[in-house]
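As structure tokens, the structure follows; a few thoughts come after it.
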Amino acid sequence: MTQSGMVSRLVALCFDAIDPLRLARFWADALHWEIDDETHDEIGLVPTDGTRFRIFFLGVPEEKAGKNCVHLDLTSTSIDDQQETVGRLVELGARYIDIGQGPDDEHVVLADPEGNELCVVEPDNSFLADCGRLGSITCDGSPQAGYFWSEALGWPLVWDQDEETAIRAPDGTGPFITWGPPIPPKIAKNRLHLDIAPPDDGDQRAEVDRLVSLGATRIDIGQGNVDWVVMADPDGNEFCVLSSR
């Protein structure tokens, strides 16, 4: 069992964005969160539903290429709420997309204004029933990725079968993070990534070493001389280890 104090804390989910402010406004409305930090290249959202991490939108020059391997699942409380949510998001710039979902699927698949996939889940989805509007950070991935992140964050596995895994914060608040097939070939840097950090009294270098022992690798994405460490999980998904704060 992972010992308390020997785990990273999840600081933020980060989106690469051509227009960070527009995308932040879209997701603030979608999640019912609030916009906080605003700079030219970085916009932050503050949760209003008990979620313990923030969402940041980071300015980049590259447009989205291919399907994301990470997307967000939004919950709904009724059929009317699901329909109203979909209608509102379309008004804000979302569009319907087909990623192979079946005609009997009850969730609605959309893309946000920069093409990032998202789902508005049906109200009788029992797995996400006690989540806020943000139900899940949903990843195309292997069980090994789920096991890694469970150890990295100290979040228990709440699902582990049929090649699918899911974790959630120990106190049962906030969204799930899930992994499952299919796992498409990686063609570019992920558009969404996690920022984590050691505990406030922790050591960044020691935490990086621990993550390497769990199956992560240090990588270079052209970050240059920065105070965070860029790594990849066992599936090759990028994440950043920030310094203790």
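The values are calculated or read from the model by the stated rules, or taken from the named source; none is laboratory data. Please read these numbers as outputs of a predicted model, since none were measured by experiment. Note that each Cβ is placed from the backbone with ideal geometry, even for glycine, and that neighbours are counted across all protein chains shown. Just so you know, the surface numbers come from the protein's heavy atoms only, side chains and all, with ligands and any DNA or RNA stripped out. Shrake-Rupley method; radii C 1.70, N 1.55, O 1.52, S 1.80 Å.
Placing one equal scatterer on every Cα of region 108-245 and applying the Debye formula, the log10 ratio I(q)/I(0) at q = 0.16 Å⁻¹ is -0.94. Taken per residue, the accessible surface of the chain reaches 49 Å², heavy atoms only and a 1.4 Å probe.
Each Lys and Arg Cβ is given +1 and each Asp and Glu Cβ -1; about its Cα centre, the chain then shows a dipole of about 580 debye. Only protein heavy atoms count here; under a 1.4 Å probe, residue 88 has an accessible surface of about 100 Å². Estimated from helical segments only, the mean residue ellipticity of the chain at 222 nm is -6000 deg cm²/dmol, where each DSSP H run of four or more residues counts as -39500 (n - 2.57).
Here the accessible area of the chain is 49 percent carbon and sulfur, with a 1.4 angstrom probe and all protein chains present.
Here's the picture: charge each Lys and Arg Cβ at +1 and each Asp and Glu Cβ at -1 in region 99-245, and of 219, 234, 129 the one pushed furthest to the positive end of that dipole is 219.
Note on region 1-144: Cα-Cα pairs beyond 27 Å make up 22% of the total pair count. Projected onto its three principal axes, the C-alpha set of region 10-50 covers 28, 22, 15 Å, listed from the longest axis down.
If you sort 231, 6 by accessible surface, 1.4 Å probe, largest first, the order is 6, 231.
Answer with a single label: of (1) 18.3, 55; (2) 17.3, 60; (3) 17.3, 51, which was calculated as Rg and Dmax of the Cα atoms in Å from the structure in view? Only one listed value fits the structure, namely (3). For residue 139, the solvent-accessible surface with a 1.4 Å probe is about 20 Å², rounded to the nearest 10. Taking 0.692 mPa s as the viscosity and 37 °C as the temperature, the Stokes-Einstein diffusion coefficient of region 52-137 based on its alpha-carbon Kirkwood radius rounds to 236 µm²/s. Packing order of peptides 142-154, 209-221, highest average first: 142-154, 209-221 (average count of other Cβ atoms within 10 Å over each peptide's residues).
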